[in-house]
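Beneath this line is the structure, given in structure tokens, with notes to follow.
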Amino acid sequence: MLNTFSFTKGHGAQNDFLVLTDRDNQLQLSPADVVALCHRRTGIGADGLLRAVPTSRTPEAVAMAHGADWFMDYRNADGSLGAMCGNGIRVFARHLVTTQLAAPGRMTIATRAGIRTVHVPTDDSRDIQVEMGRPTLPGPDAITVTAGGSSRPAVHVDVGNPHAVAFVDDLNHPGPLDVAPVVTPADAYPHGVTVEFVHRRGPRHLDLRVYERGVGETSACGTGACAAVTAHILTSAGPRTGVFRVDVPGGTLHVTVHDDGTVLLAGPTRIVATGIRPAHRLTAAGTSTGLFGAGAGAEGGAEECRPRSASLVATRLTSSR
């Protein structure tokens, strides 16, 4: 049993992640382990956890070993599995370069949504870019999102993970996103959904608030920015291609839409800490879990891991202009 483990913490536009390198695929983290690590009072604190594992050593990713050396095992803060994360994969790539597991430049990374190509500049101050593929519109058309006492139509967009994108005249209209918005029909999203509230500021300029599946309201969402731009193009008479600016509470992301419908996500990425963590007493109650010992489950963990209040996020977005 491990007594300690090392970690990296980074963020993309204040959407923050823990990254654990697992060269031998030995860290079998339970959902309760992830909840405990992501807890902002009794753990390290993060919106999600990324485990870096060689694809050749990962049964669920070994089929992608010919195209990528590393697999991004992404977990939401509530311990649930995630397929893709646009900000997370940029932090993951920065971690690989910082720890000399990969060289800057073009690299490929395996995810549950497939292989993604990432471009990491040698200058740490420049944005990392991710080729996100082509978003899809699975339908149905009659998606409705309810929050802040009102309902509004939404567009179902898949960017390797599911999104419901609703347009608003004011980002304060959804109210404090202390609980997940209600999305109907529920069977359109059997595994849950990330919800975006989008305000159009111009033909290529959007403001965004997001309630992220398995996390709560976050300061940014990379796949959400891509979903918002896709829905904006679908429902407006403006430009169909080019570079779109998406302002989020944590900063600014840029989404480039190509002629073939594929999108490129770019944004700031920073490593803010590295450290050593004892591999015991991870939960808020002090009981060991999963890899770190037998004990409590993850029930209730998602609520405790909510990263920040919605009112603070909305205030920061407004005051940053």
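The values are calculated or read from the model by the stated rules, or taken from the named source; none is laboratory data. Here the structure is a predicted model, which means the values were calculated and not measured. Cβ placement follows ideal geometry from the backbone for every residue including glycine, while neighbour counts extend to all protein chains displayed. Accessible surface areas use protein heavy atoms only, side chains included; no ligands, DNA or RNA. Shrake-Rupley method; radii C 1.70, N 1.55, O 1.52, S 1.80 Å.
The residues in segment 25-58 that are farther than 21 Å from I271 by Cβ, open to solvent by 40 Å² or more (accessible area, probe 1.4 Å) and in a loop (DSSP other than H, G, I, E, B) can be counted, and the count is 4.
Kindly indicate whether any position in segment 131-150 is closer than 21 Å to P249 by Cα, modelled with pLDDT of 95 or more, in contact with a Lys or Arg (Cβ under 8 Å, 6 or more places away or on another chain) and of a type outside the set (V, I, T). So far as segment 131-150 goes, no, none of its residues is closer than 21 Å to P249 by Cα, modelled with pLDDT of 95 or more, in contact with a Lys or Arg (Cβ under 8 Å, 6 or more places away or on another chain) and of a type outside the set (V, I, T). Here are the criteria: (1) at pLDDT below 95; (2) hydroxyl-bearing (S, T, Y); (3) in contact with a helix residue (DSSP H, G or I) (Cβ under 6 Å, 6 or more places away or on another chain); (4) in a helix (DSSP H, G or I). Tell me which single one T283 does not satisfy. For T283, the failing item is (4).
Checking each residue in segment 237-248 for being open to solvent by 10 Å² or more (accessible area, probe 1.4 Å) and modelled with pLDDT of 95 or more picks out P239, R240, T241, G242, V243, R245, D247.
Give me the residue from segment 213-236 that is over 14 Å from T252 (Cα atoms) and assigned to a helix (DSSP H, G or I) and, out of that set, most open to solvent (accessible area, probe 1.4 Å). The qualifying residue most open to solvent (accessible area, probe 1.4 Å) is L234.
Would you mind listing the strands (runs of 3 or more DSSP E) fully within segment 106-212 where at least 1 residues are of a type outside the set (G, A, S), within 17 Å of V229 (Cβ to Cβ) and more than 17 Å from the chain's Cα centre (by Cα)?
150-158, 162-167, 194-202, 205-212
Taking the criterion of being more than 19 Å from the chain's Cα centre (by Cα), open to solvent by 30 Å² or more (accessible area, probe 1.4 Å) and not acidic (D, E), the only residue of segment 249-261 that qualifies is H258. Can we say A103 is over 20 Å from H191 (Cβ atoms), free of Cβ contacts under 8 Å to residues at least 12 places away in the same chain and outside any loop (DSSP other than H, G, I, E, B)? Spelling it out, it is not the case that A103 is over 20 Å from H191 (Cβ atoms), free of Cβ contacts under 8 Å to residues at least 12 places away in the same chain and outside any loop (DSSP other than H, G, I, E, B). Do we have any residue at all in segment 240-249 that's out of contact with any helix residue (DSSP H, G or I) (no Cβ under 8 Å at 6 or more places or on another chain) and on the phi > 0 side of the Ramachandran plot? Looking for residues that are out of contact with any helix residue (DSSP H, G or I) (no Cβ under 8 Å at 6 or more places or on another chain) and on the phi > 0 side of the Ramachandran plot, one finds at least one in segment 240-249, hence yes.
In segment 244-273, the residues that are within 18 Å of G133 (Cα to Cα) form Cβ pairs under 6 Å with partners that are of a type in the set (F, W, Y) and part of a strand (DSSP E or B), at six or more places apart or across chains, as follows: V255/F244. For first residues located in segment 6-26 and under 16 Å from L37 (Cβ atoms), partners that are open to solvent by 50 Å² or more (accessible area, probe 1.4 Å) and part of a loop (DSSP other than H, G, I, E, B) and lie 6+ apart or on another chain with Cβ distances below 7 Å form the pairs T21/T99.
The residues in segment 92-108 that are in contact with a Ser or Thr (Cβ under 6 Å, 6 or more places away or on another chain) and either open to solvent by 20 Å² or more (accessible area, probe 1.4 Å) or β-branched (V, I, T) (or both) can be counted, and the count is 2.
The residue list A113, A65, A61, A77 contains one member that is in contact with a Phe, Trp or Tyr (Cβ under 7 Å, 6 or more places away or on another chain) and open to solvent by less than 40 Å² (accessible area, probe 1.4 Å), which is A61. Is at least one residue of segment 195-202 at pLDDT 95 or above, closer than 17 Å to A77 by Cα, crowded, with 18+ Cβ neighbours inside 10 Å and charged (D, E, K, R)? No: zero hits.
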